[in-house]
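**Q** What follows is a single structure, and I will ask about it in a moment.
Every number here is computed from the coordinates shown, using simple stated rules; none is lab data. Everything quoted here is computed from the prediction, not taken from an experiment. All Cβ positions, even for glycine, are placed from backbone atoms using ideal geometry, and neighbour counts span all protein chains on display.
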Amino acid sequence: MTKLTRLRGFQDQFGAEVELLSLVEARAREVARRYGFSEIRIPLLERIQLYERSTGETSDVVAKQMYVVKHAQEGGTADAMVLRPEGTPGVVRAYIEAGFDRSDPEQRFFYCGPMLRYERPQKGRFRQFHQFGVEVFGRADPASDVELLVMIDDLGQDLGLELDFEVNSLGCTQCRPAFREALLAFGRAHLASLCADCHARLERNPLRILDCKNDVALAEQAPKSIDYLCPDCRRHFDTVLDLLRSTEVTVSVNPRIVRGLDYYVRTTFEVTSRALGAQNAVAAGGRYDGLVETLGGAPVPGTGFAIGLERLVIAKTGSSSGSPTAGESLSRSQFAAIAASGRHAPLIDAAVIALGDQALTKAVALARKMRHDGLAVHLVSPARGLKAQLRRADHIGARFALILGEDELSRGVATLRDMTAGTQRDVSLEQAAKAVSAPTAGS
Ligand code: HAM
């Protein structure tokens with residue numbers, strides 16, 4: 001029989017790991033709120049054509065990495081559906097479908113959730129990973145590109161991460177044809193050095209040869225998009241760089257940032273962390289004017305980025321070894337504490353121990369009341385005796401045990417045991433929550 005293990009490249013995430021991801025997500029949400037983004041939730045499943053027409057048929061994502069799904073009953077006859085490999089196409093589709101492109105084009109959305117790509121798994125690269133992304137619609141100005149980089153920098157600072165920013169401009173429909181021709185000529189002249197994939201891509205989308213991992217040196221010599229920019233694109237890019245100089249974000253121009261997805265025009269960028277290995281991109285994005293129109297909407301410009309949450313956590317935990325020092329941000333010390341804990345369960349304030357049926361009735365009510373007071377309370381399985389229940393309370397790391405036996409019931413109290421100090425005292429049932437919350441509770 002097949003052993004039911006998880007699929008390669010997929011992860012089960014427990015306790016502390018999930019807490020770290022949630023913490024990073026919470027920080028990203030807070031930054032997005034400050035930048036005026038509202039949340040959008042889009043489906044996991046979309047029609048295959050959505051990605052073919054946006055991400056692009058020559059992109060690795062569409063050509064090799066999509067999880068194509070069909071309905072069990074409709075079988076092969078139904079239009080193929082895809083588990084989303086990225087968020088941008090779905091957000092653009094939703095934006096058009098809701099009619100924003102015509103009624104109220106300027107919109108700012110953020111999204112967060114799992115994405116799926118059939119990639120070769122390695123450290124920091126998974127087949128299911130989580131992205132936090134933002135999309136800005138209706139803004140063609142360079143400042144809207146710059147604000148995205150500043151926003152990523154804010155999140156990096158908030159998390160205490162050192163990030164490197166690289167930008168490029170890919171030009172627009174006006175200047176791209178000349179660049180494309182130059183690349184095509186270059187590719188044809190170097191056919192012998194190109195890999196099999198690039199041979200196939202060259203005529204359809206010569207930009208892809210710049211992504212070729214087989215011959216990086218060749219890509220270095222290839223024509224650069226910034227040398228082919230039309231006056232409007234040149235002005236846009238110069239303003240992006242000027243505005244960035246006035247911020248504290250240090251960026252370098254890298255003509256190799258062509259991005260693996262087809263919809264980009266003008267500004268593109270990648271953000272990396274030196275705390276990561278080969279998969280060092282924590283965020284990436286750029287401008288996609290024309291995509292709304294390509295997908296059937298009005299000609300509305302767009303720009304955005306997505307962050308890989310797992311990569312942020314790896315960068316963060318990898319670089320935060322040692323205990324945090326005074327003055328470091330709260331999130332940094334929280335991170336270190338959570339990462340060091342290796343916890344697979346939440347911290348428990350009190351374990352409630354009931355001895356006997358009558359006590360159990362009281363215990364259920366007491367536990368609930370304490371939870372209403374904001375405490376994490378665990379009702380220990382009453383099937384065992386006092387000793388075994390105390391061992392359980394100790395095992396789950398409860399700070400206190402509240403014991404309810406016949407004797408306690410008759411006196412209307414519970415025994416409050418400090419699990420670390422081993423000291424005990426009586427507390428009234430009404431005062432139990434307060435006693436557990438107080439710093440000197442057990443003494
Ligand atoms: P992307 O560069 O494909 O762009 O992905 C963005 C980020 O997602 C990467 O920088 C990385 O941190 C993370 N990521 C991608 N693939 C994996 C993986 N296999 N395992 C772990 N993390 C991964 C996009 O997806 C665009 N939709 C970004 C965008 C939004 N452009 C405009 N708006």
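**Q** Identify the chymotrypsin sites (Phe, Trp or Tyr not before Pro) of region 1-89 meeting these criteria: DSSP loop state and at most 16 other C-beta atoms within 10 Å of the C-beta. List each step's numbers first, then the result.
**A** Details: sites: PHE10, PHE14, TYR35, PHE37, TYR51, TYR67; in loops: PHE10, PHE14, TYR35, PHE37.
Sparse-neighbourhood loop chymotrypsin sites (Phe, Trp or Tyr not before Pro): PHE10, PHE14, TYR35.
**Q** How would region 21-162 be classified by its alpha-carbon gyration tensor: rounded, prolate or oblate, with rounded meaning a/c under 1.5 and the a/b versus b/c comparison settling the rest?
**A** Since a/c reaches 1.5 but b/c is at least a/b, the shape of region 21-162 is classed as oblate.
**Q** Enter the angle in degrees (range 0 to 90, nearest 10) between the Cα long axis of helix 231-245 and the first principal axis of the Cα atoms of the chain, meaning the one along which they spread out most.
**A** The angle comes out at about 40 degrees.
**Q** Take the alpha carbon gyration tensor of region 350-437, find the square roots of its eigenvalues, order them as a ≥ b ≥ c, and report rounded if a/c is under 1.5; if not, report prolate when a/b exceeds b/c, else oblate.
**A** The shape class here is rounded.
**Q** Right, here's the next one. In degrees between 0 and 90, to the nearest 10, how far off the longest principal axis of the chain does helix 176-189 point, with axes built from Cα atoms?
**A** Approximately 80 degrees, to the nearest ten.
**Q** Right, something else. Just subtract the alpha-carbon distance of LEU21 and GLU97 from 0.36 nm times their residue separation and send over the number in nm, one decimal. Please report the intermediate quantities before stating the final value.
**A** Values: separation 76, 0.36 × 76 = 27.36 nm, distance 3.12 nm.
Between LEU21 and GLU97, full extension yields an extra 24.2 nm.
**Q** Only Cα pairs within less than 10 Å get springs; with that Gaussian network setup on the chain, which residue of SER341, SER103, SER38 has the largest fluctuation?
**A** SER103
**Q** Rounding to the nearest 10 and keeping the result within 0 to 90°, find how far the Cα-based axis of helix 357-372 lies from the longest principal axis of the chain.
**A** For 357-372 against the chain, the angle is about 40 degrees.
**Q** Residue by residue, what Karplus-based ³J(HN,Hα) values in Hz, rounded to whole numbers, does region 192-209 have, using 6.51, -1.76 and 1.60 with θ = phi - 60° and x for Gly and Pro?
**A** 4, 8, 7, 6, 4, 4, 5, 4, 5, 7, 3, 6, 7, 8, x, 4, 5, 5
**Q** Something else: Just order 350-359, 377-386 by mean Cβ neighbour count inside 10 Å, highest at the front, would you?
**A** Peptide ranking by packing, descending: 350-359, 377-386.
**Q** Sorted from largest to smallest, which semi-axis lengths in Å does the alpha carbon gyration tensor of the chain give for its equivalent ellipsoid, taking the root of 5 times each eigenvalue? Before the final figure, lay out the partial values.
**A** Details: eigenvalues 571, 115, 89 Å².
Semi-axes from the Cα gyration tensor: 53, 24, 21 Å.
**Q** Work out the count of Lys pairs in the chain where the Cα-Cα distance is under 22 Å, with the pair 8 or more places apart or on different chains. Mind dumping the intermediate values first?
**A** On the way: LYS64/LYS123; LYS64/LYS213; LYS123/LYS213; LYS123/LYS316; LYS213/LYS224; LYS362/LYS387; LYS362/LYS434; LYS369/LYS434.
Step by step, the pairs that qualify in the chain add up to 8.
**Q** Now for a different question. I want the antiparallel fraction of DSSP beta bridges within region 350-437, as a percent rounded to 5.
**A** Details: 9 of 17 bridges.
Expressed as a percentage, antiparallel bridges in region 350-437 total about 55.
**Q** OK, next. Report the Cα-based extents of region 94-235 along its three principal axes, largest first, to the nearest Å.
**A** 47, 41, 34
**Q** Within a Cβ distance under 11 Å of PRO382, other residues only, what is the Lys/Arg minus Asp/Glu net charge?
**A** Numbers: positive: ARG384, ARG392; negative: ASP357.
Neighbourhood net charge equals +1.
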